[in-house]
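The values are calculated or read from the model by the stated rules, or taken from the named source; none is laboratory data. Note that the structure is predicted; figures quoted are calculated from it, not measured. When we count neighbours, we look across all protein chains shown, and the Cβ atoms used for this are built from the backbone with ideal geometry, even at glycine.
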Amino acid sequence: MNENRKRGKRAIDTLKIYTTIAGDLSDATFKAIVASYLADLLHACDTQGVDFKDALLRGFQHYSEEVQDVVRQNKQIEAPVPDGDKEKNNA
């Protein structure tokens with residue numbers, strides 16, 4: 001299992017625990033559970049003096065880097081053609 005799949009599974013496992021603790025989400029959709037958890041995270045950030053927007057931005061930056069790492073690993077990189085060779089290839 002690649003690292004991003006592990007991260008996703010870890011988040012889903014956390015949401016399963018959250019659903020049990022919250023108690024009123026047993027029939028909720030995954031999207032509704034995520035929304036409820038995010039709302040609770042906003043409240044938690046308020047109580048801890050953490051700027052949620054800053055934390056969310058940092059989280060998005062981590063996610064973007066992790067996704068780009070996979071893209072880089074899977075992408076075949078072509079060697080650049082020197083300028084002089086471009087003319088020869090087009091002739």
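At-a-glance table
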| item | result |
| --- | --- |
| Residue within region 42-57 that is part of a helix (DSSP H, G or I) and either under 17 Å from Gly8 (Cα atoms) or at pLDDT below 95 (or both) present | yes |
| Top-ranked residue of region 19-34 - restricted to ones that are assigned to a loop (DSSP other than H, G, I, E, B) and surrounded by fewer than 10 Cβ atoms within 10 Å (Cβ to Cβ), ranked as nearest to the chain's Cα centre (by Cα) | Thr29 |
| Hits in region 3-41 (condition: of a type in the set (Val, Ile, Thr) and farther than 18 Å from Tyr63 by Cα) | Ile17, Thr19, Thr20, Ile21, Thr29, Ile33 |
